[in-house]
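Here is the structure we will look at.
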Amino acid sequence: MTASFPAPAWLVGCGNMAGAMVDGWRAGGAGFSGVTVIRPSGTPVDGIPTVTDYPDERPRFVMLGFKPQKLDEAAPALAPHIGPDTTVVSMLAGITAAHLRERFPLARAIVRIMPNLPVAQVQGVIAIYSPDGDIEQLAEVRQLMASLGMIAWCETEDELGVVGAVAAAGIAYVARFVDALAKGGETLGLRPGMAEQVAIQTLVGTGAYAADTAQSMAEIARRVASPKGTTERGLAVLDASDGLQPLVDRTLAAAIRRGHELAADAVRRD
Ligand SMILES: NC(=O)c1ccc[n+]([C@@H]2O[C@H](COP(=O)([O-])OP(=O)(O)OC[C@H]3O[C@@H](n4cnc5c(N)ncnc54)[C@H](OP(=O)(O)O)[C@@H]3O)[C@@H](O)[C@H]2O)c1
């Protein structure tokens, strides 16, 4: 599906994450007519006019792509441009819709998203939450995000936070696990470069196999682990009561707690 932007559309901040989304939209053939990037450095974004100050127009679509800690800095100058025709889409981790509504009281709709980096390859997971009903603006946001991968439409902000921990932060956790596989291979005698390549290709292959066969991860693990074989012996370590699951549970809980801290900080600064 080719995405199209409601114009005028502003991308406010365009670093790692918003830049990855732009890459994904570009890969999917989206046109950027009517889109402007606004960022303090003015660093150009290929094919999109990039400026350091807000244009003299009323945007219909504004995507906030800066760090949550920058909301105080950005909101006062931005708010006067946000009117009843503007949908504000925020990727700011931990900043609630209610808090954004206080900052942008006239906005037609406040939408929170939580994308992950493979949006650049149109293989992303994009969590979406909005308290503002199923209005036309949400359909516009939905088609823009659906063109970047899989949409996880959330019924609560807590749900959005959890999808963020699993899918957005989860990229880093999966990366760490693959690194650990590579380091484990090195410890057992593989050359370092080879260990890393083998571990990464194992990740890529597992993803491709799962996507192609539509098997669950449990089924895939069962298929690899023959009874009383080598894989089964390894899985017993991961599956022990003090194995992988409690570690992942603690990891996700720490990320969620940090989201709550960021939200509390944002409220305290008001
Ligand atoms: N990285 C992820 O995987 C990920 C996943 C989900 C959500 N997020 C969310 O994405 C947001 C951005 O993260 P990131 O990793 O992309 O950060 P980043 O690479 O540091 O990019 C931040 C962007 O914000 C711009 N900026 C800074 N101050 C600004 C201001 N006052 N007004 C407008 N723009 C401003 C920067 O402009 P310059 O380039 O000109 O300096 C830069 O383009 C965060 O809120 C984060 O919670 C990130």
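The values are calculated or read from the model by the stated rules, or taken from the named source; none is laboratory data. Please read all numbers here as calculations on a predicted model, not as lab measurements. Note that we place each Cβ from the backbone using ideal geometry, even for glycine, and neighbour counts take in every protein chain shown.
Things worth noting here:
- Here is the figure for region 54-90: residues that are near the ligand (Cβ under 7 Å from one of its atoms) and surrounded by 23 or more Cβ atoms within 10 Å (Cβ to Cβ) total 1.
- Note on region 14-34: residues that are among the aliphatic types (A, V, I, L, M) and more than 15 Å from the ligand (Cβ to nearest atom) total 2.
- Boolean, Thr52 is out of contact with any Phe, Trp or Tyr (no Cβ under 7 Å at 6 or more places or on another chain), among the hydroxyl-bearing types (Ser, Thr, Tyr) and within 26 Å of His260 (Cβ to Cβ): no
- Residue count, region 196-218 (criterion: small (Gly, Ala, Ser) and in contact with a Gly (Cβ under 7 Å, 6 or more places away or on another chain)): 1
- Val89 being closer than 21 Å to Ala152 by Cβ and not in a strand (DSSP E or B): no
- Test for Arg257: is it away from the ligand (no atom under 16 Å from the Cβ), closer than 30 Å to Pro131 by Cα, assigned to a helix (DSSP H, G or I) and not aliphatic (A, V, I, L, M): no
So that you can scan it fast, the table gives a plain yes or no per residue for (1) at pLDDT 90 or above; (2) touching a Ser or Thr at 6+ places or on another chain (Cβ under 6 Å); (3) over 22 Å from Arg176 (Cα atoms); (4) assigned to a helix (DSSP H, G or I):
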{"position": "Ala211", "(1), (2), (3), (4)": "yes, no, no, yes"}
{"position": "Ala218", "(1), (2), (3), (4)": "yes, no, no, yes"}
{"position": "Pro227", "(1), (2), (3), (4)": "yes, no, yes, no"}
{"position": "Leu235", "(1), (2), (3), (4)": "yes, no, no, yes"}
{"position": "Asp242", "(1), (2), (3), (4)": "yes, no, no, no"}
{"position": "Leu247", "(1), (2), (3), (4)": "yes, no, no, yes"}
{"position": "Thr251", "(1), (2), (3), (4)": "yes, no, no, yes"}
{"position": "Ala266", "(1), (2), (3), (4)": "no, no, yes, yes"}
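- Taken residue by residue, region 190-201 has at least one member that is of a type in the set (A, V, I, L, M, F, W, C), within 23 Å of the chain's Cα centre (by Cα) and modelled with pLDDT of 95 or more.
- When Arg233, Arg223 are screened for being of a type outside the set (A, V, I, L, M, F, W, C) and exposed (fewer than 11 other Cβ atoms within 10 Å of the Cβ), only Arg233 passes.
- One residue alone among Ala97, Ala120, Ala107, Ala74 is of a type in the set (A, V, I, L, M), more than 22 Å from the chain's Cα centre (by Cα) and within 27 Å of Asp53 (Cα to Cα), and that residue is Ala107.
- Every residue from region 52-71 that is among the charged types (D, E, K, R) and over 15 Å from Arg39 (Cα atoms): Asp56, Glu57, Arg58, Arg60
- The set of residues in region 32-53 being among the charged types (D, E, K, R), exposed (fewer than 15 other Cβ atoms within 10 Å of the Cβ) and within 20 Å of Leu144 (Cβ to Cβ) consists of Asp46 alone.
- Some residue of region 52-65 being assigned to a helix (DSSP H, G or I), in contact (Cβ under 8 Å) with a residue 24 or more places away in the chain and more than 28 Å from Val125 (Cβ to Cβ): no
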